[in-house]
Every structure is written in C-alpha cells, then in structure tokens.
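What follows draws every value from the coordinates through simple rules; no lab data is involved. Since the model is a prediction, treat every value here as computed from it, not as a measurement. Don't worry about glycine lacking a Cβ; one is built from the backbone with ideal geometry, like all the others, and counts go over all protein chains shown.
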Amino acid sequence: MTILVLGGAGYIGSHTVYELIENGIDTVVADNLETGHIEAVHPKARFYKGDISNELFLDNVFNKEKIDTIIHFAAYSIVGESMKNPLKYYDNNLCKTKALLETMIKHNIKNIVFSSTAAVYGEPESVPIYENDKLQPSNPYGETKLAIEKMFKWADTAYALRYVSLRYFNAAGAHISGNIGEFHNPETHLIPIVLQTACGKREYISVFGDDYDTKDGTCIRDYIHVSDLAKAHISAVKYLKAGNESNIFNLGNGTGFSVKEVIQTAEKITKQHIPYKIEQRRYGDPAKLIASSEKAKKILNWQPKYDTLDGIISTAWNWHKNHKNGYN
Ligand code: UFG
C-alpha cells in the first residue's frame, strides 16, 4: 500500500507522514513548498515538489508510484487572510481540489482522506458539536472546505470516488521526537504565539476579547494533539480500504479550554511569566467550539492519546524552545 500525502510538508501533513512511516506504510509526499517546509518531510518519504492543480506534475507522480489512497492537506488555512482575500481561498482550496479530482479520476484513484475543519460549523447553536449540526461557515476559509466536502459527495455519486472528511478542531502540539512542530509565517495560532512569548520572541500576547459569554470571558477551544490527528488519518485510510462508505468525522478531545487557561497552563509548563494584553475581539471568532468525536471513536476506533492540555503544550514547548526560528 502506497499513500500519497498532498501538503505533506505542512504542519498536520508532516506529522501524518511521520505516523505513516512509523507504521511501516510506504509514503509519497507532494508539496509545492509555498507554506510547507522541506525540513519537515520525513527522510524516508519520497518527495515530489509541485502543485496539485498541475496535471502533468500529478500524471508523473501517478505514473511513477502505485498510489493507493490520497491524504489531502494542501490548502491555505488562515481565517483572517481568507476574509481579506476570499478569491485566493476559492482558487487555491476549491479550484485546485477540483483539478486534483479530475486527475485522480483519470488515473482511477478512488480513495481520498480530506483535511476539513470545525470552521464549517461557524458559530454553533450548542456544544458539543455533532457532525450533522448546522453548517454555516462564518468565513471564506470554512466555506471553501465545506464546498469541497459537497464536491466530494457529488463525485462519489457520479464517479464512485470514496472520501473521508476529517473536521479538525484546534490542532496543537508537536511530534514526540521534537524534530517537527508547528511553524507558520506569519503565525496566527494561539499556542505557538503563547510559546513564542515564553521564549522571549514576543513581548506579550494579545488576548482577543474577554467579554465573551464564557467562564472567564475569553474564547473556548477544543485542542487536539497533531499526532492524534495523524493517527485518525491512518484509521480513515484503513476504513476506506476496507470498502466502507464515504463519511465525515469530527476530531477533538471533547474538552474546552479558554485562552486564559492556555496561557496559565503554558506558564506552568515553561516556568516563564507570559504577559498578555486584552484587546478587541477578533472578527468571526465563535465564543465556544467543542467537538463531539464519538462518531470517530465508534466507527474509526480512534482514541486520542493526549487527553490533557498539559500534555499537548509540553510537546509544543519541546519543539518551540529548540526551534525558536522554526525551520529557519
Ligand atoms: N487568540 C488570541 N490571541 C492570539 C491568537 C489567538 O486571543 O494572538 C485566540 C483566538 O481569538 C481564539 C483562540 O485564541 O479564541 C484560538 O485561536 P487560533 O487562531 O489558535 O485558532 P482558531 O480557533 O481561530 O482557528 C483554528 C484553526 C482554523 C480553523 C479553526 C476551526 O486555526 O484553521 O480552528 O474553528 F478553521
């Protein structure tokens, strides 16, 4: 079995490649390295540099490698940027995935695991959030991911393309080895920013709003370890290989932590004081996002290993303190 990981040089993609290789699975990575890092690609993965919308590039990969299933991470994922430049997101995320599907169908590759997001739900009516809750994305990033899920559904009906869509909540943490971790440029995510402050790279962290209807007024999120997400992809590949129907799963821990709790936990782990300033709310931030992942636990037999925020932040700190400038 050979798995092709698109976007395998990115944060969640690179951790999934490590997980595949640690499980003895033959792995090929394709990435255009626009936001990914070649240093993050596992040395045992065969690497191809190129874009998923480039048919000739993918023809070459599919002709050289016997690809069985695709895991697709290649996308832009900055919510704020998607608000300012929605067409960039429609083009890169939706149009390029449509081109990918055409090439897959041409090569008779029928299984795909897709990197989706909690952003497809928008502001939830209640928590925990279930897969069949209302889908009302509040930003173009979430809209493009939802549009892709719908495109997969119709491609399944028309071409028997089978997919598993994994809706991640807040991915966090780093590989246990400390060799790979989270590094975006610019960084917008809470935990890396908190840890960069602990490292002295930032003076303080801006907390976006403390007037939400939550226990301490700051937003609540469900943080899930990136290696637990990686494991779910392998379960999803096995699920498709067993001939099961297309499906959609939430992936989270089922516990919510506020921004202030994340800062306090990071202070405990890093033994550093982490200064913060309360600022305006960030446009489009839901107050509370917590997953129900019961479906993934039941059907994919998935069980997250990192079930505490301390455990998740410890692995992230292990990466950050030794990679203050990321992969640079
Ligand atoms: N936050 C701050 N200060 C910062 C950064 C973040 O207070 O400097 C707060 C945010 O307002 C939010 C929480 O920390 O309340 C988490 O923010 P992140 O940016 O880390 O994550 P999001 O919840 O906004 O977004 C994540 C993924 C998206 C995905 C979304 C799904 O990054 O790709 O979850 O809900 F779409």
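Before moving on, here are some points about what is shown:
- Nearest-ten-degree value, helix 96-106 long axis tilted from longest Cα axis of the chain: 30 degrees
- DSSP-loop chymotrypsin sites (Phe, Trp or Tyr not before Pro) across region 153-237, with at most 14 other Cβ within 10 angstrom: Tyr204
- Helix axis angle, 309-322 relative to the chain longest principal axis, alpha carbon, degrees: 80 degrees
- Karplus-derived 3J(HN,Hα), 6.51/-1.76/1.60, for each residue of region 17-28, Hz, glycine and proline x: 4, 4, 5, 4, 5, 5, 8, x, 9, 5, 10, 10
- Sparse-neighbour loop sites [GluC sites (Glu not before Pro); region 241-291; at most 14 other C-beta within 10 Å; DSSP]: Glu245
- Residues with amide H under 5 Å from that of Ile71, placed H, sequence gap 5 or more: Leu4, Val5, Leu6, Val113
- Fraction in percent of alpha-carbon pairs per bin - 10 Å, region 69-148: 19, 44, 30, 8, 0
- Relative to the Cα centre, the charge distribution of region 268-328, modelled as +1 at Lys and Arg Cβ and -1 at Asp and Glu Cβ, gives a dipole magnitude of about 40 debye.
- Tensor-based shape of the chain (alpha-carbon gyration tensor, a/c under 1.5 rounded, otherwise prolate or oblate): prolate
- Estimated distance in nm for a label pair at Lys277 and Asn322, the labels positioned 7 Å out from Cα along Cα-to-Cβ: 3.4 nm
- Projected label points at Asp59 and Lys106, each 7 Å from Cα along the beta carbon direction, are separated by 0.6 nanometres.
- Other residues with beta-carbon under 10 Å from the beta-carbon of Lys201 carry, at +1 per Lys or Arg and -1 per Asp or Glu, a net charge of 0.
- Pairwise Cα distances in region 128-276 exceed 27 Å in 35 percent of cases.
- Couplings 3J(HN,Hα) of region 59-67, computed from phi: 3, 5, 4, 5, 6, 7, 10, 8, 7 Hz, in residue order, whole Hz [Karplus 6.51 cos²θ - 1.76 cosθ + 1.60, θ = phi - 60°; x for Gly and Pro].
- Bridgeable lysines around Lys271 (alpha carbons under 24 Å apart, same-chain partners fewer than 8 residues away excluded): Lys201, Lys260, Lys321, Lys324.
- Nearest-ten-degree value, helix 140-159 long axis tilted from longest Cα axis of the chain: 20 degrees
- Computing FRET efficiency as 1/(1 + (r/R0)^6) for Asp310 and Asp213, where r is the C-beta to C-beta distance and R0 is 30 Å, gives about 0.70.
- Each label was represented as a point 7 Å from its Cα along the Cα-to-Cβ direction; for Lys88 and Lys150 these points are 2.4 nm apart.
- Of the GluC sites (Glu not before Pro) in region 119-221, those whose Cβ has at most 12 other Cβ within 10 Å and which sit in DSSP loop: Glu125, Glu203
- Taking the Cα centre of the chain as reference, the dipole from Cβ charges on Lys and Arg (+1) and Asp and Glu (-1) amounts to some 440 debye.
- Computed magnitude of the charge dipole of region 1-144 (debye, nearest 20; Cβ of K, R +1, Cβ of D, E -1): 360 debye
- Relative contact order [Cα under 8 Å, 6+ residues apart], region 188-251, whole percent: 15 percent
- Under-21-angstrom lysine pairs by C-alpha in region 89-165, whenever the two are 8 or more apart or on separate chains: 19
- The amide H of Thr117, built 1.01 Å from its N in the peptide plane, has Tyr168 as neighbours under 5 Å, considering only residues 5 or more places off or on other chains.
- Cα pair distances in region 16-58, grouped into 10 Å bins until the bin that holds the longest one, percent each: 28, 49, 22, 1
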